[in-house]
Amino acid sequence: MAEKDIRSGVQLPEERPVDEGTFGAKDEGTARAADDAATERTAPWWKRLLAWGERIGAPVWKRLRKFISVPFLVMLLLSFSLWYAIKLGYTYQAEIPVSVNVDGRVFEVNCMVEGQGTRLFAKRHSKGKPLELSWSDLDVSPSAINPGWVVISPYSLQNAISARNTDIKFLSVGPIPEIEL
């Protein structure tokens, strides 16, 4: 409890003990700022990026808001989204990685495909199960370099993948790794 000064009758402020865990800081505000700075340096990259965006973006947004209205930005975003959706309706060619599982042996092959943009977008960004194939679907030959390994014919692999993905057209198959039996 605060004591009164004998001469003036005014209450003196309480003295708080110094916490040694806060690097000798005399008040809680300085300690809290030091803890926040240490936490900010060790935060994940995306949290640091968001914090940076808030520090930089708030003053910029404050100035831009005088010249650009919120409905304008909403309409600009909406028009970009509609334009992108319309463009995805066209036919495109792209290289897409396809995960293949041949009787328990999983590998990835890059395939050149052609199809509607929405289907290519969905195929590229979906992480589903690997495509299940069996040895009877493929033409294989023994490896000339590694005994006990086999080489899969690119033509047979392309036909097997195409038979299971009818929504897009597979134009070619990239390099296929050798598989150990």
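Per the listing Thr30, Thr22, the residue uniquely surrounded by 11 or more Cβ atoms within 10 Å (Cβ to Cβ), among the hydroxyl-bearing types (Ser, Thr, Tyr) and modelled with pLDDT under 60 is Thr22. Determine which member of the set Ser99, Ser172 is hydroxyl-bearing (Ser, Thr, Tyr), in a strand (DSSP E or B), open to solvent by less than 60 Å² (accessible area, probe 1.4 Å) and closer than 26 Å to Lys87 by Cβ. From the options Ser99, Ser172, the qualifying one is Ser172.
Take the conditions touching a Cys at 6+ places or on another chain (Cβ under 6 Å) and under 30 Å from Trp149 (Cβ atoms) and apply them to Val106. Does it pass? If you could, list the steps in order and put the result at the bottom.
Details: touching a Cys at 6+ places or on another chain (Cβ under 6 Å): no; under 30 Å from Trp149 (Cβ atoms): yes.
No, not satisfied.
Among the criteria (1) assigned to a helix (DSSP H, G or I); (2) out of contact with any Phe, Trp or Tyr (no Cβ under 8 Å at 6 or more places or on another chain); (3) open to solvent by 30 Å² or more (accessible area, probe 1.4 Å); (4) in contact (Cβ under 8 Å) with a residue 40 or more places away in the chain, the one Asn110 does not fulfil is (1).
Rundown of residues vs (1) in contact (Cβ under 8 Å) with a residue 40 or more places away in the chain; (2) open to solvent by 80 Å² or more (accessible area, probe 1.4 Å); (3) over 30 Å from Gln158 (Cβ atoms), yes/no style:
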position	(1), (2), (3)
Leu64	no, no, yes
Lys87	no, no, no
Glu95	yes, yes, no
His125	no, yes, no
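The values are calculated or read from the model by the stated rules, or taken from the named source; none is laboratory data. Everything quoted here is computed from the prediction, not taken from an experiment. Virtual Cβ from ideal backbone geometry, glycine too; neighbours counted across all protein chains shown. For the accessible areas, the whole protein counts, side chains as well, though only heavy atoms, and no ligand, DNA or RNA atoms are used. Shrake-Rupley method; radii C 1.70, N 1.55, O 1.52, S 1.80 Å.
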